[in-house]
Structure formats: structure tokens, C-alpha cells
């Protein structure tokens with residue numbers, strides 16, 4: 001499945017290079033993936049994608065997370081279409097906004113209120129703004145290497161970003177209570193909040209679930225300082241636990257940032273928060289021309305209803321466990337050392353002793369040739385549209401991937 005002569009994908013890349021800086025951008029840049037990966041797609045349905053050259057792929061990226069229920073889920077799309085016929089971008093929100101806010105407050109034990117945005121970065125930025133407004137302080141603690149969005153205050157890139165943009169960020173190491181305590185001490189009386197990912201999901205490294213002691217230490221530090229515990233649920237939200245990713249730990253945040261899976265591919269983000277932050281949330285000014293779009297909110301109401309009815313996190317955990325066990329067995333058959341970390345619903349698969357993920361690229365390229373879209377460096381995603389038969393198909397493709405890695409030495 002090398003690049004096709006006269007392929008539509010290649011033609012679109014050449015056209016984009018003339019009118020779009022870099023041809024593409026950010027995590028969507030297929031040029032950084034192994035040979036044969038498409039950049040442009042024609043459609044999606046269930047657990048499958050078709051590129052512009054007509055090739056079909058079993059999708060384990062789910063549009064980098066948003067498709068919790070699978071592409072073009074019937075109930076979600078029917079709800080979106082009903083709202084679309086009534087209106088989307090109006091002079092104010094539709095009733096779907098109130099229904100969705102009520103749904104979130106009823107679903108999430110920590111939440112007394114909800115407000116809506118468009119992207120995950122909007123949500124994390126809004127959380128930071130609320131925490132600072134409520135406390136009158138400036139310092140935010142973030143984990144080294146964590147990704148919380150692509151604007152200057154938290155961008156992973158230093159290009160175009162000034163030191164002043166990040167003047168009030170302090171860093172700790174995820175799951176390291178001592179480094180957390182040191183950062184809290186450094187913030188002193190100026191601590192507005194601690195921003196923490198639902199689990200450690202940095203690019204190209206083993207993932208880490210939060211240790212209970214670490215989670216308790218974050219909660220205790222915020223309580224002692226009167227600061228906000230901000231949980232970034234943008235990537236993990238509604239895949240691990242519908243009540244919140246840290247609810248099984250017994251730790252409830254003060255603010256949560258949501259996006260990706262909330263509306264099954266429709267553009268939406270949300271912030272939910274505790275009662276003590278309601279006044280600050282009502283007084284800050286954050287807005288966007290499309291933040292009240294009614295169609296994504298109707299889609300989100302349907303998405304969450306299906307996720308609750310069908311116990312989606314549990315289903316994803318079951319399917320992810322089958323995939324994880326099958327990959328481990330396949331690697332052993334070929335004498336390969338595989339590292340699988342993070343939650344089964346969002347698998348991270350890396351090879352041991354693989355600088356630059358070269359073995360991972362060989363593996364993924366071979367699987368892609370057999371119609372399965374894995375990623376060599378980023379955590380992947382399961383959707384409720386995947387079936388046990390799909391997992392079996394993926395493991396058949398993985399067998400060719402392992403064979404290719406073993407042959408490459």
C-alpha cells in the first residue's frame with residue numbers, strides 16, 4: 001500500500017502545499033507517519049474509514065479521539081439533523097444547551113454547573129481563567145511534558161511564544177508527589193490551580209495511570225491552598241468512566257475540561273465545575289462566534305444518552321483487553337518485546353529498544369497494508385462501533401506487522 005501513482009491523496013497534498021502553510025499542521029500531519037498513510041479521507045462509517053483513493057481502513061484512531069460511538073452513529077446523526085433543520089448558529093443558544101448542561105450536572109458528581117466552548121484548548125484555557133478569577137492568584141502547576149492545548153500559555157512549541165506567555169506556569173512530574181510538593185512551595189501564596197491530565201498520555205512514551213497517593217496529594221494541595229484542582233478530561237473523558245476519570249480514585253476535581261468524545265465528532269467542548277467556582281465562571285468573559293452552535297449540543301445529548309444506556313466505557317475496556325492480549329501473544333510468537341501501557345480503552349503500543357519508533361513504523365506500515373490503521377507513537381482509541389470480529393481482523397493484520405518487524409531485525 002505504498003503511495004499510489006496519480007493518487008487523489010498526493011494530488012491534494014500538492015495543492016495544499018501551495019495554499020496551506022506546511023501543507024497541513026499539528027498532529028494531523030501524515031507526512032510524519034510511515035509510507036502509505038493517507039492524509040485526506042472521503043468518509044467514515046462505524047469503525048471504518050475510506051481515504052480519497054477508495055481504500056478502506058479499520059480505524060484505531062477514531063479521529064484522534066472524538067468518535068466515541070463510531071463514525072456516523074445513527075442516533076447521534078438523527079439528533080443532529082433534527083436540530084440542523086431548526087437552526088444551528090442562531091442569535092443565542094437553543095434549548096439543547098440547557099438540556100446538555102442538565103445532563104452533565106446529573107452525570108458528573110463533581111459538577112454543579114456547565115458551560116460550553118468548541119475545542120479542548122478553549123476548555124483548558126477557560127478553566128485556567130476561572131481558577132485565576134476565583135482565587136485572585138496567578139500561578140498554575142502543570143506536569144512536565146503534558147499537552148493541554150495549542151495556545152501560547154500551554155503550547156508544546158516555543159516557536160512564536162514568549163517567556164512572558166508562560167511566566168506563571170510551574171512544573172511538576174506526573175505521579176511524583178515530591179516534585180508536586182516542591183512546585184506548590186514554589187508557588188507560595190500565589191497558587192491559583194493545579195492542572196492535571198486524567199492519566200499521563202505524553203507522545204511516544206509509556207503511559208501512566210494516576211497513582212492513588214498522587215491523586216490524593218493533588219487534592220490535598222489544592223484544599224490546603226484554596227486552589228482549584230483542574231482535571232483535563234479532553235482526551236480521556238467518557239472513555240474511562242462516565243462519572244469522570246478520577247471518580248474511581250475517590251478524587252473529585254473542582255474544574256474539568258471536556259471535548260473530543262463529548263459529541264461523537266461534532267465540534268464541542270465543555271467546562272464543568274464545583275459550586276464555589278460558579279460566581280467566577282459567571283463573571284469572566286470568554287466567548288466565540290460558534291460556541292452556542294445548537295447542532296453539536298444536540299449531538300452531545302444523544303452521545304451521552306447512548307454512552308450511558310450501552311455502558312460504553314465497559315464495552316471499550318472489554319474490546320481493548322482483547323486487543324491487548326492478542327497483541328501480547330503475537331509479539332511473543334515472534335520473539336519481540338512489546339510495551340502496552342495506559343487504559344485498555346486508549347491503547348499505547350510501543351516496542352522495547354525502539355528509539356525513534358522505527359520498529360513501530362515498520363509494524364504499523366505492514367498493518368496498514370492489510371487495512372488496519374494503527375499509530376506508531378500516539379495512544380490509540382477504541383469506539384463502541386468496534387466489534388470482537390474487528391479486533392480479530394486487527395490481530396490478523398498485526399501478525400503481518402510483527403513478522404515484518406522480526407524480518408527487519
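Among the residues of the range 133-146, those identified as surrounded by 21 or more Cβ atoms within 10 Å (Cβ to Cβ) and within 25 Å of residue 176 (Cα to Cα) are 137, 139, 140, 141, 142, 143.
Screening 198, 257 for residues that are touching a residue at least 24 places away in the same chain (Cβ under 8 Å) and either farther than 30 Å from residue 338 by Cα or surrounded by fewer than 23 Cβ atoms within 10 Å (Cβ to Cβ) (or both) leaves exactly one candidate, 257. Scanning the range 279-307 for residues that are touching a helix residue (DSSP H, G or I) at 6+ places or on another chain (Cβ under 9 Å), in a helix (DSSP H, G or I) and loosely packed, with under 15 Cβ neighbours inside 10 Å yields a count of 3. Taking the range 161-181 as the range and being over 23 Å from residue 132 (Cβ atoms) and either modelled with pLDDT under 95 or assigned to a helix (DSSP H, G or I) (or both) as the test, the residues that pass are 177, 178. Looking at the range 182-202, can you tell me whether even one residue there is modelled with pLDDT under 95, more than 30 Å from residue 268 (Cβ to Cβ), out of contact with any helix residue (DSSP H, G or I) (no Cβ under 9 Å at 6 or more places or on another chain) and not in a loop (DSSP other than H, G, I, E, B)? No, there is no match, as no residue in the range 182-202 is modelled with pLDDT under 95, more than 30 Å from residue 268 (Cβ to Cβ), out of contact with any helix residue (DSSP H, G or I) (no Cβ under 9 Å at 6 or more places or on another chain) and not in a loop (DSSP other than H, G, I, E, B).
Would you check if residue 394 is in a loop (DSSP other than H, G, I, E, B), under 22 Å from residue 68 (Cα atoms) and in contact (Cβ under 8 Å) with a residue 40 or more places away in the chain? For residue 394, the condition - in a loop (DSSP other than H, G, I, E, B), under 22 Å from residue 68 (Cα atoms) and in contact (Cβ under 8 Å) with a residue 40 or more places away in the chain - is not met. Here 368, 382 are screened, and the one residue that is within 21 Å of the chain's Cα centre (by Cα), outside the structural domain of residue 104 (by TED's automatic domain parsing) and buried (at least 19 other Cβ atoms within 10 Å of the Cβ) is 382.
Do any strands (runs of 3 or more DSSP E) entirely within the range 34-144 hold 2 or more residues that are in the same structural domain as residue 273 (by TED's automatic domain parsing), under 19 Å from the mean Cα position of the chain (by Cα) and in contact (Cβ under 8 Å) with a residue 12 or more places away in the chain, and if so, which?
Values: elements: 41-45, 48-51, 56-59, 113-117, 139-143.
Of the strands (runs of 3 or more DSSP E) lying wholly inside the range 34-144, those with at least 2 residues that are in the same structural domain as residue 273 (by TED's automatic domain parsing), under 19 Å from the mean Cα position of the chain (by Cα) and in contact (Cβ under 8 Å) with a residue 12 or more places away in the chain span 113-117, 139-143.
For the range 13-24, does any single residue satisfy the condition of being surrounded by 13 or more Cβ atoms within 10 Å (Cβ to Cβ), in the same structural domain as residue 387 (by TED's automatic domain parsing), outside any loop (DSSP other than H, G, I, E, B) and at pLDDT 95 or above? Among the residues of the range 13-24, not one is surrounded by 13 or more Cβ atoms within 10 Å (Cβ to Cβ), in the same structural domain as residue 387 (by TED's automatic domain parsing), outside any loop (DSSP other than H, G, I, E, B) and at pLDDT 95 or above, which makes the answer no. Being under 20 Å from residue 394 (Cβ atoms), buried (at least 17 other Cβ atoms within 10 Å of the Cβ) and in contact with a strand residue (DSSP E or B) (Cβ under 8 Å, 6 or more places away or on another chain): is that true of residue 58 here? Taking the combined requirement at face value, the residue satisfies it.
Selection of the range 385-394 for residues being within 20 Å of residue 328 (Cβ to Cβ), surrounded by fewer than 18 Cβ atoms within 10 Å (Cβ to Cβ) and touching a helix residue (DSSP H, G or I) at 6+ places or on another chain (Cβ under 9 Å) yields 388, 392. The single condition from (1) out of contact with any helix residue (DSSP H, G or I) (no Cβ under 6 Å at 6 or more places or on another chain); (2) outside the structural domain of residue 204 (by TED's automatic domain parsing); (3) modelled with pLDDT of 95 or more that residue 353 fails is (3). Would you check which residues across the range 216-254 are buried (at least 24 other Cβ atoms within 10 Å of the Cβ) and out of contact with any helix residue (DSSP H, G or I) (no Cβ under 8 Å at 6 or more places or on another chain) and list them? Those that are buried (at least 24 other Cβ atoms within 10 Å of the Cβ) and out of contact with any helix residue (DSSP H, G or I) (no Cβ under 8 Å at 6 or more places or on another chain): 231, 233, 236, 244, 245, 253. Residue check: residue 332 meets all listed conditions (1) surrounded by fewer than 18 Cβ atoms within 10 Å (Cβ to Cβ); (2) closer than 27 Å to residue 41 by Cα but one, namely (2).
For the range 325-342, the set of residues classified as within 25 Å of residue 260 (Cβ to Cβ) and not in a loop (DSSP other than H, G, I, E, B) consists of 327, 339, 340, 341, listed by residue number. The one condition from (1) in a loop (DSSP other than H, G, I, E, B); (2) in contact (Cβ under 8 Å) with a residue 40 or more places away in the chain; (3) outside the structural domain of residue 135 (by TED's automatic domain parsing); (4) over 30 Å from residue 222 (Cβ atoms) that residue 345 does not meet is (4).
So how many residues does the range 260-278 have that are assigned to a loop (DSSP other than H, G, I, E, B) and buried (at least 20 other Cβ atoms within 10 Å of the Cβ)?
Adding up the residues that qualify gives 4.
Looking at the structure I just gave you, is residue 187 farther than 25 Å from residue 236 by Cα and either buried (at least 21 other Cβ atoms within 10 Å of the Cβ) or within 22 Å of the chain's Cα centre (by Cα) (or both)? Quick ask: steps written out before the conclusion?
Working: farther than 25 Å from residue 236 by Cα: yes; either buried (at least 21 other Cβ atoms within 10 Å of the Cβ) or within 22 Å of the chain's Cα centre (by Cα) (or both): yes.
Answer is yes for this residue.
The values are calculated or read from the model by the stated rules, or taken from the named source; none is laboratory data. Treat the numbers as computed from the prediction; the structure is a model and nothing was measured. No Cβ is skipped: glycine too gets one built from the backbone with ideal geometry, and neighbour counts run over all protein chains shown.
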